[in-house]
Amino acid sequence: MPGHCDASDLWAKLREDQIAPATIYRTLELLTDAGLVRKLLIKDRTCYEENLGRPHHEHLICGQCKQVVEFTDRTLEDRLAEIVETHGFRHQTHQVLISGLCPACQGRKGNSELSGLGGPEARC
């Protein structure tokens, strides 16, 4: 399962194999519970990415072309740990998702403002 996908993406690829959507949803939940895939909430969609031996990372998503960029930042992780400690929370998991425009879309005509972000068409 390379990249980020949702259950409907998988179903579209497996439809010819006559795999029911309910089976895909149950399997994704089992894989998530086993720690083999990571569940992401990207806009209004629940997406999944493989989690085998990959370090924790965050995401940038382009509101125009829907490109998803993964990044790691030790300073950000340290700051989040400080915030958790300050508030007395016991950290279980977190997700940072930054929406904006990628460099390619920034250069396109009509994209001088951050328009089109956060719409229901945002994809995984």
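Descriptive notes on the structure:
- Applying the criterion of being of a type in the set (A, V, I, L, M) and under 20 Å from Leu41 (Cα atoms) to the residues of region 13-27, the residue that is surrounded by the fewest Cβ atoms within 10 Å (Cβ to Cβ) is Ala22.
- Restricting region 49-97 to residues that are modelled with pLDDT of 90 or more and among the small types (Gly, Ala, Ser), the residue that is nearest to Lys39 (Cα to Cα) is Ala81.
- Selected residue (criterion: nearest to the chain's Cα centre (by Cα)) from residues of region 28-48 that are assigned to a loop (DSSP other than H, G, I, E, B) and loosely packed, with under 11 Cβ neighbours inside 10 Å: Asp44
The values are calculated or read from the model by the stated rules, or taken from the named source; none is laboratory data. This structure is a prediction, so every number in the text was calculated from the model and none was measured. Cβ coordinates were reconstructed from backbone atoms using ideal geometry, including for glycine residues, and neighbour counts include every protein chain displayed.
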